[in-house]
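The values are calculated or read from the model by the stated rules, or taken from the named source; none is laboratory data. Worth saying up front: this structure is predicted, and the values here are computed from it rather than measured. Here the Cβ positions follow ideal geometry from the backbone for every residue, glycine too, while neighbour counts run over all protein chains shown. Heavy atoms of the whole protein, side chains included, go into the accessibility calculation; ligands, DNA and RNA do not. Shrake-Rupley method; radii C 1.70, N 1.55, O 1.52, S 1.80 Å.
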Amino acid sequence: MGKISLIIKRRECMGCHACEVACKQEHNLPTGPRLIRVIEKAPDFIPVYCHHCANAPCMESCPEKAIYKNELGMVLIKEELCIGCMACVEACPFGAMQFFEEQNVAVKCDLCIHRISEGQGPACASVCPTRCIIFGDTKGLLDRMGAR
Amino acid sequence: MSEIKKVRTVCRSCHGGCGVIVHVKDGKAVKVEGDPESPISRGSLCSKGLSILQLAYHPERILHPLKKVDGNWKRVSWNEALDITVENLNRVIKEYGPESVVIGQGTGRDYESHLYRFANLLGTPNVLTAGHMCYVSRVGATLITCGNLPVADYRGNPRCIVMWACNPLWTNPDEYKGIDFWDAYKKGAKLIVIDPRKGFLAKKADLWLQLRPGTDGALAIGFLKVIIEENLYDRDFVENYIHGWGPFKERILGHSLEWVEEVTWVKRDLIVQAARMYANTKPAAIHWGVPTEQTINCTDCTRLLTALMAITGNLDSPGGNVFYVPPNVRKVSDFALHKELGERAKKRLGGEQYKLASRVALITPKVAWEAILTGKPYPLKAGLLCGTNPVVTRANAREVYEALKRLEFLVVIDFFMTPTAELAHLFLPAATWLEVNHVADNWKRHGFVLARQKAVEIGEAWQDHKIFMELGKRMGQMWWDTVEDALDYILEPAGLTWEEFKRIGYLQGQMEYYKYREKGFSTPTGKVELYSTILEKWGRDPLPKYTEPPESPLSRPDLLKRYPYILNAGLRTPTFFHSANRQIPWLREIRPHPIVEIHPETAQKEGIEEGMWVWIESTRGKVRLKAKLNEGIHPKVVVAEHGWWFPEIKDPGHGWEISNINILTDNSHESMDPVMGATNIRVLLCNISPCKEV
């Protein structure tokens, strides 16, 4: 399997927030950390989410090397190594890195890695009514987006 | 470790009917996900449905009956609660007659059939619902015009879609989910959006008509005028299937496009362009939303839009606006036993005045509040309100509050202790859709029934259907032994039992188009009555017209100095369903505050900044909401969310007066639709100012 990515077609996001709640439920998160978020700047909607950057600033900023990249190109965090310094939260240019105060750790989008192993896409993409959250192997996605 | 059991069911966090798979472990629901095999939602699920576990297992949810003793709530058994209810209802019936009991529901948790059966067998014609200004009003107006509700036929591939005052992907979608709309749009259908607010769809539209709130009827007249004058209508249909074409045509042509532009604020070129696009693109569907109903023009506007569908030949044609064929199950109206009411129907409050409301078996709330407060024409003494929070959701909230306080006996069925429930003498805990067995969506006109089946049981909550059944049985009414026995009765014509239906999941009616060619339309003349013989018989104008809302810049210029802005008091948002969900953490995090949208220029002029608390004041009072600047609305219009109260405020009012936009709305008889009693909540005059007190 090649590298995989998640892309949100911003112009087709209509701000229903279903992705946010699906993500919360999937990751059992309370209020506070929002791994995916849609900001309403009427009349536009701006999805904020982890891009799993090629050169991820969060990963580079982490003094404990708690953030790493797996073979599928997913940027993941080992929460047990996190010391809660929040350097990654500050480093992320998208505002996607989140801090879970109750547990004093950084948390981030893991592309629902547990679902992928079961052949499902991320929870956010599964519920989107306009199907503007697309997911799959990076090369194919870029072809589909016509963005190469 | 115990296994996860998956239960396939149907959401009811709005009217939706989206398919859901519930994961259950050790008798507890642990996860919900969209059902990819649902014919309605095809896997999508909204924020409300996805939050159901936070609602169902909310620490403040009430899971056993409560009675009020010396101002405090005290836990009682179901047995005692039912006894108290029956005793009080019987006392009132004996002293004042059954019509002195009002039965109310909000937008409903799909128990209309059972609620109406209970009311009809009790003998009260006074059923108070949201239907006077939401959906049922549209059904009523189309029943008298063309015999049924015409629904946009997305499955028939419309090539042009007119989204008239609706944003179905964002908020509640009545008959159809936004999914079908979106697919039709993505297949390349042209899109015309009619909305005072530039929402997501307005941005996507080929043409966006930003009309002045409340003037939809006038805009429809503009469309009709262009289509008639330019001979863009379907001659064959008009000649054979329209009643009253001559006088209707004359009425429409009596308006000039200059007048339409002046009234609607939409440039006449744009009206011409949109009307041509709608009339020349076949097939074309109109998808309408509640703002067309929530003004004095409710019935007329529905009739004008029906006229557009009819004269363009789009009625009951594939991809147009169709009458879906329901599956062969017992209808809600049959189950509800409306006929049992007999002569008592004549006692329906406001029945003489609001004849269309009476035709669809409901009362406008105003007549209930009047009867409670004045005893005229006769007193209402007891109330049973199920899943409704009228203190927050009905026009003229202060009158609602005063009226409900005066009832001798009020029982409320709900999940949480709402401001309305706090006024009750008895509270009965209702089941959420996770805890319900029902043949769902039977009341809708989209051609499906769906199996909503119980995934879990929580506390002592009962599904609403069971509450009506058990109350009814104690009052000597004819019901069934169990909820499921009643479902067998509903399913009997299909030759199925509930157990069998559960496994199938849904039934769909066999669609037939152009049914009128064989059977005509179900109206007195058998035609589409643009000239309504029924309205004529009622002594009303048989032709549709546009009436200026009674509190608008045109009708009340004298108020403009003090109240210079048009208040649209009905913004719906994706996370909340009317007054519901304010206590759900995931949803409240997304929309923590009540919002009023203001154009940036207007905000600047009034000294208001983004995020600031703002006073909104009408002649009837003032409330505060938080400013959100939106350049997609007209500078003279402000748009406020409705349904706000604050569960986190623990006193019995729960902050119902703070941001409740219905404190500002009007429910005077003069302001309502003359035959339906629809309240006007889309056009008022207001002023806005920074709120420095908070």
Residues of the stretch B:190-205 satisfying the condition of being open to solvent by 10 Å² or more (accessible area, probe 1.4 Å) and either away from every other protein chain (no Cβ under 11 Å) or on the phi > 0 side of the Ramachandran plot (or both)
B:K190, B:P196, B:A205
I need every pair where a residue in the stretch A:25-48 that is at the interface with chain B (Cβ under 10 Å from one of its Cβ atoms) and over 20 Å from A:C92 (Cα atoms) has its Cβ under 7 Å from the Cβ of a residue that is among the acidic types (D, E) and open to solvent by less than 20 Å² (accessible area, probe 1.4 Å), sequence separation at least 6 or different chains.
A:A42/B:E597
Only one residue in B:K527, B:K502 is at pLDDT 95 or above, under 17 Å from B:N328 (Cα atoms) and not hydrophobic (A, V, I, L, M, F, W, C), so which one is that?
B:K502
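For (1) modelled with pLDDT of 95 or more; (2) buried (at least 20 other Cβ atoms within 10 Å of the Cβ), each residue gets a yes or a no:
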| position | (1), (2) |
| --- | --- |
| A:Q25 | yes, yes |
| A:E60 | yes, no |
| A:K69 | yes, no |
| A:L72 | no, no |
Exactly one condition in (1) surrounded by fewer than 22 Cβ atoms within 10 Å (Cβ to Cβ); (2) touching a helix residue (DSSP H, G or I) at 6+ places or on another chain (Cβ under 8 Å); (3) farther than 29 Å from B:T142 by Cβ is not met by B:V436; state its number.
(1)
Could you say whether any residue in the stretch A:55-69 is within 14 Å of chain B (Cβ to nearest Cβ) and under 20 Å from A:S5 (Cβ atoms)?
no
I'm trying to understand the selection: among the residues of the stretch A:119-140, which are away from chain B (no Cβ under 12 Å) and either closer than 24 Å to B:A184 by Cβ or charged (D, E, K, R) (or both)?
A:I134, A:D137, A:K139
In the stretch B:12-29, anything of a type in the set (A, V, I, L, M, F, W, C) and either in the same structural domain as B:R109 (by TED's automatic domain parsing) or modelled with pLDDT under 95 (or both) is listed as B:C14, B:C18
Of the residues in the stretch B:380-406, those that are open to solvent by 10 Å² or more (accessible area, probe 1.4 Å) and over 23 Å from the mean Cα position of the chain (by Cα) number 4
Residue pairs meeting the criteria (Cβ under 9 Å; at least 6 apart or on separate chains; first hydroxyl-bearing (S, T, Y), in the stretch B:237-254; second open to solvent by less than 70 Å² (accessible area, probe 1.4 Å) and modelled with pLDDT of 95 or more)
B:Y241/B:A310; B:Y241/B:L315; B:Y241/B:Y516; B:Y241/B:G520; B:Y241/B:F521; B:Y241/B:G526; B:Y241/B:K527; B:Y241/B:V528
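For every residue, the table says whether it meets (1) surrounded by fewer than 21 Cβ atoms within 10 Å (Cβ to Cβ); (2) in contact with a helix residue (DSSP H, G or I) (Cβ under 7 Å, 6 or more places away or on another chain).
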| residue | (1), (2) |
| --- | --- |
| B:I161 | no, yes |
| B:N167 | no, yes |
| B:G188 | yes, no |
| B:L207 | yes, yes |
| B:G214 | no, no |
| B:G217 | no, yes |
| B:G222 | no, yes |
| B:D236 | yes, no |
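Which one of these is touching a Gly at 6+ places or on another chain (Cβ under 8 Å) and not aliphatic (A, V, I, L, M): A:E102, A:E80? Working first, answer last.
On the way: A:E80 fails: touching a Gly at 6+ places or on another chain (Cβ under 8 Å).
That would be A:E102, the only listed residue that is touching a Gly at 6+ places or on another chain (Cβ under 8 Å) and not aliphatic (A, V, I, L, M).
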Unmet criterion (only one of (1) more than 14 Å from chain B (Cβ to nearest Cβ); (2) modelled with pLDDT of 95 or more) for A:K3:
(2)
Can you pull out the residues in the stretch B:575-593 that are under 14 Å from B:G655 (Cβ atoms) and facing another protein chain (nearest Cβ under 9 Å)?
B:R588
Kindly indicate whether any position in the stretch B:614-622 is at pLDDT 95 or above, within 13 Å of chain A (Cβ to nearest Cβ), more than 22 Å from B:M133 (Cβ to Cβ) and surrounded by 19 or more Cβ atoms within 10 Å (Cβ to Cβ).
no
Conditions (1) within 14 Å of chain A (Cβ to nearest Cβ); (2) surrounded by 22 or more Cβ atoms within 10 Å (Cβ to Cβ) -> B:H599 fails only (2)
Go through the stretch B:1-27 residue by residue and tally those that are over 32 Å from the mean Cα position of the chain (by Cα), of a type in the set (D, E, K, R) and on the phi < 0 side of the Ramachandran plot.
3
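Could you please find all residues in the stretch A:92-115 being outside any strand (DSSP E or B), open to solvent by 30 Å² or more (accessible area, probe 1.4 Å) and away from chain B (no Cβ under 14 Å)? Write out each step before concluding.
Here is the first cut: in the stretch A:92-115, the ones outside any strand (DSSP E or B) are A:92-97, A:101-104, A:108-115.
Narrowing the set further to residues that are open to solvent by 30 Å² or more (accessible area, probe 1.4 Å) leaves A:93-95, A:101-104, A:110, A:113-114.
Residues satisfying the conditions are A:P93, A:F94, A:G95, A:Q103, A:N104, A:D110, A:I113.
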Options B:M478, B:M417, B:M469: the member that is of a type outside the set (V, I, T), farther than 25 Å from B:M133 by Cα and assigned to a helix (DSSP H, G or I)
B:M469
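Can you spot a residue in the stretch B:280-297 that is over 31 Å from the mean Cα position of the chain (by Cα), in the same structural domain as B:E529 (by TED's automatic domain parsing) and at negative phi?
Taking the stretch B:280-297 as the starting set, the residues that turn out to be over 31 Å from the mean Cα position of the chain (by Cα) are B:280.
Then keep just the ones that are in the same structural domain as B:E529 (by TED's automatic domain parsing); that gives B:280.
From what is left, the residues that are at negative phi are B:280.
Yes, because at least one residue in the stretch B:280-297 is over 31 Å from the mean Cα position of the chain (by Cα), in the same structural domain as B:E529 (by TED's automatic domain parsing) and at negative phi.
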Filter the stretch B:166-223 for residues that are at pLDDT 95 or above and among the polar types (S, T, N, Q); which is nearest to B:S671 (Cα to Cα)?
B:T215
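Of the residues B:R398, B:R452, B:R474, which is closer than 14 Å to B:R109 by Cα and among the basic types (K, R)?
Numbers: B:R398 fails: closer than 14 Å to B:R109 by Cα; B:R474 fails: closer than 14 Å to B:R109 by Cα.
Checking each option against the conditions leaves just B:R452.
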When you check A:G15 against the structure, is it more than 14 Å from A:A123 (Cα to Cα), open to solvent by less than 20 Å² (accessible area, probe 1.4 Å) and within 12 Å of chain B (Cβ to nearest Cβ), yes or no?
yes
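Enumerate the helices (runs of 4 or more DSSP H) found wholly within the stretch B:26-137, keeping only those where 2 or more residues are under 30 Å from A:A123 (Cα atoms), open to solvent by less than 20 Å² (accessible area, probe 1.4 Å) and within 14 Å of chain A (Cβ to nearest Cβ). Can you show your working first?
Numbers: elements: B:47-50, B:52-56, B:78-96, B:112-122.
Correct list: B:47-50, B:52-56.
Take B:N662 and decide whether it is polar (S, T, N, Q) and modelled with pLDDT under 95. Steps first, answer last, please.
Values: polar (S, T, N, Q): yes; modelled with pLDDT under 95: no.
The answer is no for B:N662.
Check the stretch B:665-674 and report whether any residue there is assigned to a helix (DSSP H, G or I), touching a helix residue (DSSP H, G or I) at 6+ places or on another chain (Cβ under 9 Å), open to solvent by 10 Å² or more (accessible area, probe 1.4 Å) and assigned by TED's automatic domain parsing to the domain that holds B:Y563. Outline the logic, then answer.
From the stretch B:665-674, those assigned to a helix (DSSP H, G or I) are B:669-671; that's our starting set.
Narrowing the set further to residues that are touching a helix residue (DSSP H, G or I) at 6+ places or on another chain (Cβ under 9 Å) leaves B:669.
Going one step further and asking which of them are open to solvent by 10 Å² or more (accessible area, probe 1.4 Å), we end up with B:669.
Keeping just the survivors that are assigned by TED's automatic domain parsing to the domain that holds B:Y563 gives B:669.
There is at least one residue in the stretch B:665-674 that is assigned to a helix (DSSP H, G or I), touching a helix residue (DSSP H, G or I) at 6+ places or on another chain (Cβ under 9 Å), open to solvent by 10 Å² or more (accessible area, probe 1.4 Å) and assigned by TED's automatic domain parsing to the domain that holds B:Y563.
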Which of (1) touching a Pro at 6+ places or on another chain (Cβ under 9 Å); (2) at pLDDT 95 or above; (3) at negative phi; (4) not aliphatic (A, V, I, L, M) does A:K78 not meet, given it meets every other one?
(1)
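Out of the residues in the stretch B:187-209 meeting the condition of being part of a strand (DSSP E or B) and hydrophobic (A, V, I, L, M, F, W, C), tell me which one is farthest from the chain's Cα centre (by Cα).
At the first step, the residues of the stretch B:187-209 found to be part of a strand (DSSP E or B) are B:190-194, B:197, B:207-209.
Among the residues that remain, those that are also hydrophobic (A, V, I, L, M, F, W, C) are: B:191-194, B:207-209.
Details: B:L191: 24, B:I192: 23, B:V193: 20, B:I194: 19, B:L207: 27, B:W208: 24, B:L209: 24 Å.
The residue in question is B:L207.
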